[in-house]
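So the structure is just underneath, and the comments pick up after that.
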Amino acid sequence: MTKAMQFFDWLFGEGSALTPWQMAARALVVFFFALAMIRASGRRSFGQQSPFDICITVLLGAVLSRAVVGASPFWSTMAAGAALVATHRLVALAGRRWQGFEDLVNGHKITLVRDGRLDEKAMHHALVSRKDIDEALRQQGGGVSLDEVECAVLERDGKLSIVKRRS
């Protein structure tokens, strides 16, 4: 075994019987790899928080944590993380190119209130209650009543948007 290989074995350890400083060394390397992967994935991964974007957040954290604790081979785990990031980026690019594919991956908005009237069927489909609408009215509408609302929309990221009627 070369001196470089011996150094890496000493620094990062092997398997799950790691010393605290070996886990710390792994954590530092994983941090910088994760930062590079997140940058490569694009800003939307952690900015929009759509279900599609949350998948990469959860999976990347789960996969990369295995490299830190030695539960999986270090470089194989890093390769799995890179594969997830590449897949996320390719799916995002495909969604940008083909609207139908983007709708399949990210969903679409659902209008819950039109001209001050609740759309019960849309609310049932979206699993949104009247209390959810009332909460959004208080938070975004400044306490306006339902009859003052032009529309209320459940956005693709799960947030409720309220548009007040113009005077």
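Tallying residues that are charged (D, E, K, R) and surrounded by 13 or more Cβ atoms within 10 Å (Cβ to Cβ) within the stretch 24-41 yields 1.
Among helices (runs of 4 or more DSSP H) lying entirely in the stretch 1-51, which contain 2 or more residues that are modelled with pLDDT of 85 or more? Steps first, please.
Numbers: elements: 3-12, 20-41, 44-47.
Ranges flagged: 3-12, 20-41.
Set side by side, the residues Ser161, Ser129, Ser65, Ser145 differ, and just one is surrounded by fewer than 18 Cβ atoms within 10 Å (Cβ to Cβ), free of Cβ contacts under 8 Å to residues at least 40 places away in the same chain and under 30 Å from Asp9 (Cα atoms), which is Ser65.
Scanning the stretch 68-85 for residues that are open to solvent by 50 Å² or more (accessible area, probe 1.4 Å), assigned to a helix (DSSP H, G or I) and modelled with pLDDT under 90 turns up Val69, Trp75. For the stretch 106-117, give me each residue that is in a strand (DSSP E or B) and open to solvent by 50 Å² or more (accessible area, probe 1.4 Å). Selection gives Arg114, Arg117.
Just one of the numbered conditions (1) in contact with an Asp or Glu (Cβ under 6 Å, 6 or more places away or on another chain); (2) modelled with pLDDT of 85 or more; (3) open to solvent by 50 Å² or more (accessible area, probe 1.4 Å) is not true of Gly95: (3).
The values are calculated or read from the model by the stated rules, or taken from the named source; none is laboratory data. None of these values were measured; they are calculated from a predicted model. Glycine gets a Cβ as well: all are built from the backbone with ideal geometry, and neighbour counts include every protein chain shown. Side chains are part of the model used for accessible areas, which takes the heavy atoms of the whole protein and leaves out ligands, DNA and RNA. Shrake-Rupley method; radii C 1.70, N 1.55, O 1.52, S 1.80 Å.
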